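Structure record follows, encoded as structure tokens.
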Amino acid sequence: MPDRRALLIYLALAAVVLGLGARQMLAARDPGGGGEPVPAARAQTVPKVAEAASSARVIVHVAGRVRRPGVYRLREGARVDDAVQRAGGALGDADLTAVNLAAEVEDGRQVVVPAKAAVVAAPGAAAAPGEAPAQPLNLNTATSEQLQELDGVGPGIAAKILAYRQEHGGFGSVKELGDVPGIGEKRLAALEASVTV
């Protein structure tokens with residue numbers, strides 16, 4: 001009889017030890033206790049996407065008639081107007097009609113704010129068609145009508161010059177005029193003395 005009682009006690013103790021061991025193994029597998037574990041990929045995706053969106057930046061060079069010309073870092077999706085404001089705003093003689101303030105800035109691009117065009121001819125004395133203006137015409141500030149006063153430049157070429165200027169943020173040099181569709185080497189050579197930047 002005592003042997004049977006001792007055997008039952010040993011069996012009970014063994015069951016308790018096995019139960020505790022099983023419980024510890026489960027706890028080791030699920031340290032948080034209860035619920036389904038969140039997959040690591042899902043847990044990390046949202047913060048990384050949010051972090052990438054908040055850190056997206058573009059770098060632009062703002063030049064010309066602004067208070068503080070220089071290189072600025074702006075949020076992705078910023079407009080040319082944001083870049084001009086970041087550079088302290090336009091000066092009084094700036095020609096903002098020559099710049100598309102609503103355009104989205106592109107990384108690595110230059111935003112040029114030109115000065116208003118000076119009056120070339122005396123009042124009431126317009127240059128004759130095909131006759132070059134008395135002073136070189138600034139490619140970054142000239143209007144379509146002023147461009148058409150240049151030798152060999154009609155409405156079509158003038159429109160292409162304005163489109164190129166808008167797309168590239170202005171002309172960096174007179175030679176760049178040769179990149180405008182419709183202006184070949186001969187026409188560029190004829191225009192070089194009549195234009196400036």
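Here are a few things to note about the model shown:
- Selection from the range 140-197 of residues that are of a type in the set (A, V, I, L, M, F, W, C) and part of a loop (DSSP other than H, G, I, E, B): A142, L150, V153, F171, V180, I183, V197
- Taking the range 80-89 as the range and being under 11 Å from V105 (Cβ atoms) and open to solvent by 100 Å² or more (accessible area, probe 1.4 Å) as the test, only R86 passes.
- Subset of the range 59-73 [under 15 Å from the mean Cα position of the chain (by Cα), surrounded by fewer than 18 Cβ atoms within 10 Å (Cβ to Cβ) and farther than 13 Å from G170 by Cβ]: I59, V71, R73
The values are calculated or read from the model by the stated rules, or taken from the named source; none is laboratory data. All of these numbers come straight from a predicted model, not from anything done at the bench. For neighbour counting, all protein chains shown are included, and Cβ atoms are generated from backbone atoms with ideal geometry for every residue, glycine included. Accessible surface areas use protein heavy atoms only, side chains included; no ligands, DNA or RNA. Shrake-Rupley method; radii C 1.70, N 1.55, O 1.52, S 1.80 Å.
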